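S.K.: Below is a structure I'd like to ask you about.
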Amino acid sequence: MRIGMIGTGYVGLVTGSCFSEMGNDVWCVDVDAAKIDQLRQGKIPIYEPSLEAIVKRNVEQKRLHFSTELKEALDASLFVFIAVGTPPDSFGAADLRYVFDVARSIGEQMESYKIIVAKSTIPVGTTLQIKEIIQRALAKRGRDDLDFDVAFCPEFLKEGSAVEDFMKPDRIVIGTENNRTSEFLKELFAPFTMRENRLLSMSIPSAELTKYASNCMLATRISFMNELARFCEQVDADIDEIRHGMGSDSRIGSSFLYAGIGYGGSCFPKDVKALIHSGRQAGMPFSLLESVEAINQKQRRWFFEKIKVYYGGDIRGKVFALWGLSFKPNTDDVREAPALDLIPWLIEEGAYVRAYDPVAKDNAEKELIQVAACLEASHEERLIFCIDNYEALCDADALLVLTEWSLFRRPDFDKIKSCLKNPVIFDGRNQYSPTYMHERGFIYQAVGRRLDP
Ligand SMILES: NC(=O)c1ccc[n+]([C@@H]2O[C@H](COP(=O)([O-])OP(=O)(O)OC[C@H]3O[C@@H](n4cnc5c(N)ncnc54)[C@H](O)[C@@H]3O)[C@@H](O)[C@H]2O)c1
């Protein structure tokens, strides 16, 4: 089948590449000419395990094409996926301007029947707005004779395991207006559902809301555990023991029950905000989600205050080794990553940071340059990016663990102790056993943990 993928970011690149891996011809389009140039040279602009090999193979076999020209993809394809960003606007609503720009361009340039599939995460009603925009653009050029269908097909891939998630999905949701479209889409997705039929066909509004509902549910679990973890510290309970106790109930399950320093990334924060906004607009505020969001914002600050309290409220001149810049392991994505809040807070209060991340350093540096510009002139000495996690520890007063990269799970604790000025670890991801750390002579502060009696 022939597919156009408009927007070649995390979702578009993974989706387009995986479709081509299944034998489809795919045209990936992006307005970012530098990105398309890089991809044409076989260079992957993001870090995503096993993606590079798939891109290389399918480019070589001429099934995967990259272009800045929408028209090229439109002329070549039956399915046209929209996978551009929908970041939050200043009110927390999903900013739909990129989606609508693409819809307008499709209406201005299409010449034959197309199935337009929105893959970006968009509020209820947006797919039908896309349809209206295309209809208006067609009418403007006197081509309202051209037939097309719209559909919404949310993406559930997770950064860090995106290829695996796309190739072996838990479920594929398709929202359509008619049988013709759902039959076409069922055929397109058939190779991904061969072992077990995991395809759920529903109305477009239900599909649009399913995506938000899923992310908001997961965010709710995380905020619940984070608030519970803070309570644990008040009552001398241990959040990890509670996690096991709760998670073994099959009605609850064990996923997304980890306390930490709050959720981040490009999806949970913005999708929670967007659903809150949609609820308010509909005159039906989501009070639960408003709390989920507030708890998440508080969690990072709480962790920061915990560090400050340890130093008697004054961290001036202290040096912190910081492990983990990405919002989660196995990705270079730093959107809404805890490190991007923590680093400016630490520097603003006079501390020094020696940061290390296996892959996210460049992205973090780009983001922090803007923050650093607002800080005092000496910021450059205050933030150093290290090339090795142990190098980051040199002469530091304490280690902060902010991302649970597997590299940090079983580090050489003797080496940590010998590099740090003092054996102090603030662990925002609950990676180590408090009792073990205590026995090794560390002062170990985590999130809602206690020493074994
Ligand atoms: N990243 C994730 O893990 C994830 C998972 C599920 C769903 N989503 C959703 O998918 C959508 C895309 O997310 P992403 O993380 O891939 O975003 P991204 O920012 O990585 O990529 C978006 C791409 O679209 C391009 N673009 C913008 N306007 C364009 C236009 N007019 N024509 C062609 N390209 C254009 C941008 O240059 C960029 O490369 C969002 O709605 C997001 O919520 C993301």
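S.K.: Convex hull over the Cα atoms of the chain, averaged projected area in nm²?
M.R.: Dividing the Cα hull surface by four gives the mean projection, 23.6 nm².
S.K.: What's the exposure ranking of Cys18, Cys28, Cys419, going from fewest to most Cβ atoms within 10 Å?
M.R.: Fewest to most other Cβ atoms nearby, the residues stand as Cys419, Cys18, Cys28.
S.K.: With unit charges on the beta carbons (Lys and Arg positive, Asp and Glu negative) and the dipole taken about the Cα centre of segment 205-314, which residue among Pro205, Leu218, Trp302 sits farthest to the positive side?
M.R.: Value: Pro205.
S.K.: Need one number: % antiparallel among DSSP beta bridges in the chain, to the nearest 5.
M.R.: In the chain, DSSP labels about 5 percent of beta bridges as antiparallel.
S.K.: Follow-up. What FRET efficiency comes out for the pair Tyr311/Glu69, r = Cβ-Cβ distance, R0 = 51 Å, nearest 0.05?
M.R.: On the way: r = 56 Å, r/R0 = 1.10.
Working from the Cβ atoms, E equals 0.35.
S.K.: Residues with beta-carbon under 11 Å from that of Arg143, excluding Arg143: net charge, scoring Lys, Arg +1 and Asp, Glu -1?
M.R.: Net charge in that neighbourhood comes out at -3.
S.K.: What full-extension length gain, to one decimal in nm, is calculated for Tyr436 and Ser254 as 0.36 nm per residue of separation minus the Cα-Cα distance? Let's see the in-between values first.
M.R.: On the way: separation 182, 0.36 × 182 = 65.52 nm, distance 2.38 nm.
Computed gain between Tyr436 and Ser254 is 63.1 nm.
S.K.: When a/c is below 1.5 the answer is rounded, else prolate if a/b is larger than b/c, else oblate, so apply that to segment 305-416 with a ≥ b ≥ c taken from the square roots of the Cα gyration tensor eigenvalues. Numbers along the way, then the final one.
M.R.: On the way: a/c = 1.62, a/b = 1.12, b/c = 1.45.
Taking the square roots of the gyration eigenvalues as a ≥ b ≥ c, segment 305-416 is oblate.
S.K.: Same structure, new question: Specify whether the C-alpha gyration tensor of segment 30-165 places it in the rounded, prolate or oblate class, a ≥ b ≥ c being the square roots of the eigenvalues: rounded for a/c under 1.5, otherwise prolate if a/b is larger than b/c and oblate if not.
M.R.: Since a/c reaches 1.5 but b/c is at least a/b, the shape of segment 30-165 is classed as oblate.
S.K.: With each label point set 7 Å from Cα along the Cα-Cβ vector, what nm distance links Leu288 and Ile387?
M.R.: Roughly 5.0 nm, to one decimal.
S.K.: How large is the dipole of segment 22-85 about the Cα centre if only Lys and Arg carry +1 and Asp and Glu carry -1, each at its Cβ, rounded to the nearest 20 debye?
M.R.: 200
S.K.: So what's the back-of-envelope 222 nm ellipticity for the chain, counting only DSSP H runs of four-plus at -39500 (n - 2.57) apiece and dividing by all residues, rounded to 500?
M.R.: -14000 deg cm²/dmol
S.K.: With +1 on the Cβ of every Lys and Arg and -1 on the Cβ of every Asp and Glu, and nothing else charged, how large is the dipole of segment 1-154 about its Cα centre, in debye rounded to the nearest 20? List each step's numbers first, then the result.
M.R.: Details: 18 positive and 21 negative charges, 24 e Å.
Here the size comes out at about 120 debye.
S.K.: Further question: Please get the size of the charge dipole for segment 311-422, origin at its Cα centre, with Cβ charges of +1 on Lys and Arg and -1 on Asp and Glu, quoted in debye to the nearest 20.
M.R.: 360
S.K.: Moving on to the next point. Just to verify a number: FRET efficiency for Arg57 and Gln135, C-beta to C-beta distance, R0 = 35 Å, to 0.05?
M.R.: The computed FRET efficiency comes out at 0.35.
No lab work stands behind these numbers, since they all come straight from the coordinates. Computed from a predicted model, the values in this text were never measured in an experiment. Please note: Cβ atoms are built from the backbone with ideal geometry, for glycine as well, and neighbour counts cover all protein chains shown.
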